[in-house]
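Accompanying notes for the structure given below.
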Amino acid sequence: MTQTTRTTGPYAGSAWEYRRMGFTGVIPVGRGPAQKSPPVAGYTGWAGIDPSGADVQAWVDGREGARNIGWHVPRGYAVVDVDAYHRGAESLAKLEDKVGSVLPRTWTSTARGADSPSRHWMFRAVLPAGRTWRDHPGDGIDMLHVGHRYAVVWPSVNPETGAEYLWYDPEGELYEGIPDPAWFAELPAEWVEELSQPGEPLDGVGATDEATQDALERFRLGTACPRVERHLAKELDRILRVREGAGSLHDPGQLYPLVAYGLEGHAGVREALSRHQAAYVKARVDSRGESEGASDADWWRMVRGAVGKKLHASGGVILTECDCGEDTPEESAAEETDPVDALLARMLTREQLEHIPRPRPLIEGLLDLDSESWIIGAPGGFKSFVALDWACHVATGKTWRGQATVKGPVVYVVAEGAKGIRQRVLAWEATYEARADDLLCLPEPVQVKDGDTDKTGKPSRAWRVLVEACHRLQPVLIVLDTQARITVGLEENSNTSMGVLVEAVRQLKQATGACVLVVHHTGRNGEDARGASALDGAQDTEIRVDRPSGRNERRKLTATISVDKQKDGDESASWPVQLHVVAVGEQETSLALGVWDPFCVPAVNRPDWVEYLTENQRDVTNALLDHADGSGATHAQVMAWIKERRARYELPPMAKTSYHSAVRDLVKQELVVRLGARIVLAEHLDDSTS
């Protein structure tokens, strides 16, 4: 068997697959294709933070997508890296003699062929208290663990051999795909003893790695508050002066205020630390000639120390919110900044424009990550069913109507119709044969505004709690269903009131990088969203769901999804859908959008009546429309066309009984005519005889 190289680049083509299999710490490595170093800063070593889903998607979409892929080995795992060309094989044999047993068979990774002893041996392993791994237990042998290096894996390319890294199972057979880390063999106690030594993993530095990571991940995102921004500006200016020859770079005390602000709940500290890190590393490389890796390691040591001291001083408490408000006059006078200089500093050069991230799709061609989007429709128009359908597809990673999705956690605020959400989810799972385990439902409204007495114009405390909760969860999609139920007390036709909602949605987006999707009603004209025009300017995307108005048409449970607005995108796309009644218990039913039928994609000259047929009838009809003429086709030909098209989209073939039943129904409706052993569309027959 062979493993296929991804044309999109090793990282972009496999990062999400690794995540789905249970690998954490999946990072891009190298500065270009086929390089093994350096890794992206901040995600390796003892203090390295596991990347979020938003991090991974940003790398997939960016230039990092073309780079090799590395695995920052987490706690509970260890990798024995044997380099035979550096005497690793001889060193391993000596270790086996000393331990008295061979290194156990396990999953391995190598770019040097199935027979080469040079490979990464992957193990599950837990260190006893008071011991740490030996980074170099022998000539040509490295231990890769949470505090030391990372493992380069398939489909990365080895820069020395030009060959792909490949996975091999414990029997040494080439493995097609990516293994689950839980399958790795457990490293026996005698080997753990030999490959480790007495000591503490962090060499006594302040906080433990877990505490550091937990603290940093809980720091609030968003634009830096005035206090954070002022201190960062001072520190960046100090680093610049040091580069020019004044003072010392290594000054942990300068990081303490930033860390303290993070622990107090001030916004923007994580971004500020990232900017500080980049400036610090560049300064050490430029002024001292150090490597980026050494400079980065020194920066992380300062951060660990700062977090450790501040956590100890605060008793480990991290506040969840902080309303900085306006600075006191004394603070403003002491640290006044020229507003013109501040504005000029925020202006982007033409070169800086190149680094603005491009939109990252959540559902290809429909919804983007880091966006403020609305789905609108008339009451009873199926818009909530469509929103839930998107939520479940994203939560399970399934493609939606042939459009790729980003798999990740979804938060669904069920502010309206909470009693029916259980049946709707069960109906979707029964239809698509998948569990939406990454879907989190909040079955209550969260009000944007505190009440009539609140004159601040800011989102409510309850909303700030929701923002912080979502910040911790880091979902890729947040659904607010419906707008009316979360804006009680706000005047729907007031641009000022709707400005509060717009700000609330923006806060959710900024804290998570997610697509925030608001479910809203159309007005009486059935065309535009109900209420003030302030919403129009805030929207990145507006999707409309239209259901037929006639009684007979409504009984068919059909609707059309169309794009009303798409910033910098295509607004011509539309999807006809049909809902089905699904039994979810002995006496319970609900509705779910039917599984996508590739034959139902709108095409040129496709008759309008096709979308109202059953799925099997559409398969037959569209096969004849695409391939046949006035002479029709045999049953075998039509079934072959259907099978071929379905296989392209990994759909099962149609059963013969289902096919013949569909043909009989089409004949009864006088849409298809039998001509001996052949069938022909009635409209094709009319064309051939006219």
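Brief remarks follow.
- Only one of 585, 537, 489 that is in a helix (DSSP H, G or I), assigned by TED's automatic domain parsing to the domain that holds residue 412 and surrounded by fewer than 19 Cβ atoms within 10 Å (Cβ to Cβ): 537
- Verdict on residue 8 being surrounded by 17 or more Cβ atoms within 10 Å (Cβ to Cβ), modelled with pLDDT under 85, assigned to a loop (DSSP other than H, G, I, E, B) and β-branched (Val, Ile, Thr): no
- Looking only at the stretch 72-88, and only at residues there that are among the β-branched types (Val, Ile, Thr) and assigned to a strand (DSSP E or B), the one that is nearest to the chain's Cα centre (by Cα): 79
- Residues of the stretch 59-71 satisfying the condition of being among the hydrophobic types (A, V, I, L, M, F, W, C) and assigned to a strand (DSSP E or B): 69, 71
- Scan of the stretch 406-428 for residues that are out of contact with any strand residue (DSSP E or B) (no Cβ under 9 Å at 6 or more places or on another chain) and closer than 30 Å to residue 52 by Cα, ordered by number: 407
- Just one residue in the set 283, 272, 345 is under 30 Å from the mean Cα position of the chain (by Cα), of a type in the set (Gly, Ala, Ser) and modelled with pLDDT of 60 or more; that residue is 272.
This table checks each residue for (1) small (Gly, Ala, Ser); (2) surrounded by 24 or more Cβ atoms within 10 Å (Cβ to Cβ); (3) over 23 Å from the mean Cα position of the chain (by Cα); (4) outside any loop (DSSP other than H, G, I, E, B).
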| site | (1), (2), (3), (4) |
| --- | --- |
| 462 | yes, no, yes, yes |
| 468 | no, no, no, yes |
| 472 | no, no, no, yes |
| 502 | no, no, yes, yes |
| 506 | no, no, no, yes |
| 554 | no, no, yes, yes |
| 560 | no, no, yes, yes |
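- Matching residues in the stretch 631-668 - criterion: being at pLDDT below 85 and in a loop (DSSP other than H, G, I, E, B): 631, 649, 650, 651, 652, 653
- Considering the stretch 409-442, and only residues there that are in contact with a Lys or Arg (Cβ under 8 Å, 6 or more places away or on another chain) and in a loop (DSSP other than H, G, I, E, B), the residue that is nearest to residue 479 (Cα to Cα) turns out to be 415.
- Residue under evaluation residue 267, criteria (1) at pLDDT 70 or above; (2) in a helix (DSSP H, G or I), criterion not met: (2)
- Residue in the stretch 604-615 that is of a type in the set (A, V, I, L, M) and modelled with pLDDT of 90 or more present: no
- Within the stretch 566-590, if we keep just the residues that are among the charged types (D, E, K, R) and modelled with pLDDT under 85, the residue that is farthest from the chain's Cα centre (by Cα) turns out to be 586.
- The one condition in (1) modelled with pLDDT of 80 or more; (2) surrounded by fewer than 17 Cβ atoms within 10 Å (Cβ to Cβ); (3) on the phi > 0 side of the Ramachandran plot that residue 382 fails to fulfil: (2)
- Candidates 262, 204, 247 - the one that is part of a helix (DSSP H, G or I) and modelled with pLDDT under 85: 262
- Wholly within the stretch 89-144, strands (runs of 3 or more DSSP E) carrying at least 1 residues that are touching a residue at least 40 places away in the same chain (Cβ under 8 Å) and out of contact with any Phe, Trp or Tyr (no Cβ under 8 Å at 6 or more places or on another chain): 119-124, 131-133, 141-144
The values are calculated or read from the model by the stated rules, or taken from the named source; none is laboratory data. Predicted model only: the values in this text are computed from it and were never measured. Note that we place each Cβ from the backbone using ideal geometry, even for glycine, and neighbour counts take in every protein chain shown.
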